[in-house]
């Protein structure tokens, strides 16, 4: 019979941390961002640290006397061994200088215990009698990610250190780490306006149906992938085959209808084969599961990030994401979309990647003179505008005027066929603005607008 294995712990480090706090109360400021009370393995050390936390929150001093009084107030002083134990903690701590090192040892042991606990939970899930294996796998992944997520918390960083990192990045711009550099969209004017898409950004691309929001989002995704960016696409509207065909037609500059019907001539066939070879090497992953919820999507994104790599996510589109249980919201779709929006922003922050999310606009824009979209047009908006770091709208005048009507309303001005205005209505990192793109309907793609063609 094997002896039961003890959970990972470091009692000496725990005693040294508490002793450091009793010797020098300023040590609390150095260890409080690394530790919580439940990180301590021994109960009485946990109680002592909790007493220090309570004293700090009340702006009271931390020493042997005040800690003993706090423990006595909560009827825990006798349980920890009285004043004698506090004296012992001081005696076994030679100096408080190494408090952070001791705290790191405690935190590491705590993570190991949490990992063991997560493994037990996952093991229990395996014994459950359920037909929904996918849901069980997602619960298991979330359980494990909670352990990882707890370790990714960020504390305050001095401004000097931030600037040092900035200068280091600038000085090594030719070898800049892809994990910290902004992502380029492939459209020069847009990259200049936005400064690239920043990590952890939630980007909303809004438009009425038929204006090309899915196309533009995928164009940005493929352009970024050509620079080595790994991208995941959640296609809730189109199948992966349809989406792959669109991407192929866009990159090969061949009519997708001709590809689908097998009507390609020899030159077009060569272009398609060459393009397939180039696209196959791109780190782009497509998930076309319909009717999935944001929890499932976050779980899949985490898995892809861990198993491969993940630098950006495209969601097409927000209003097709299923809420986590309709009964929770009743008929309040606005609240449901608000929760989904916050979860998308959470995904961007958790994985430190930009998430580009397409969004439908309400019909109000169709009744407005000029039909120019604005932030209030976001359908079921809720907190979408608040959560997003960047909100962009697609606007095309040629969809609202025939050539004859255009000539009547704007005589002398060339008809803006395919000219698309991309309106940046919200930009958390800079000023709003707009740029012009050219839409090629035959190839289903956007391109930077040549200056000479700009009306």
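The numbers here are math on the coordinates, done by the rules we state, and not lab data. Being a predicted model, the structure only gives us computed values, none of them experimental. Cβ: placed from backbone, ideal geometry, glycine included. Neighbour counts: every protein chain shown.
Does anyone have the angle between helix 333-351 and the longest principal axis of the chain? Alpha-carbon axes, 0 to 90°, nearest 10?
70
Specify the angular offset, from 0 to 90 degrees and rounded to the nearest 10, of the alpha carbon long axis of helix 213-225 from the longest principal axis of the alpha carbons in the chain.
60
May I ask for the distance between the Cα centers of segment 414-438 and segment 260-304, given as a whole number of Å?
27
Between helix 159-171 and the chain, what is the angle of the helix's C-alpha long axis to the longest principal axis, kept within 0 to 90° and rounded to the nearest 10?
Long axis of 159-171 versus the principal axis of the chain: about 40 degrees.
How much of the DSSP beta bridge set in segment 177-453 is antiparallel, as a percent to the nearest 5?
Percentage antiparallel, nearest 5: 45.
Over the C-alpha atoms of the chain, what are the Rg and the largest Cα-to-Cα span, Dmax, in Å?
Radius of gyration, then largest Cα-Cα span, for the chain: 28.4, 94 Å.
Can you give me the relative contact order of segment 235-298 as a percent, contacts being Cα pairs under 8 Å and 6 or more apart?
Relative CO of segment 235-298 lands at 53 percent.
Run the numbers on the chain and let me know its relative contact order in percent, using alpha-carbon pairs under 8 Å that are six or more apart.
Relative contact order comes out at 15 percent.
What does the highest-first list of 81-87, 209-215 look like by mean Cβ count within 10 Å?
The packing order, highest mean first, is 209-215, 81-87.
What is the fewest-to-most order of 235, 305 by other Cβ atoms lying within 10 Å of their Cβ?
Arranged by neighbour count, lowest to highest, 235, 305 become 305, 235.
How high is the relative contact order of segment 1-153? Use alpha-carbon pairs under 8 Å, at least six apart in sequence, and give a whole percent.
Averaging sequence separation for qualifying contacts and normalising by length gives 32 percent for segment 1-153.
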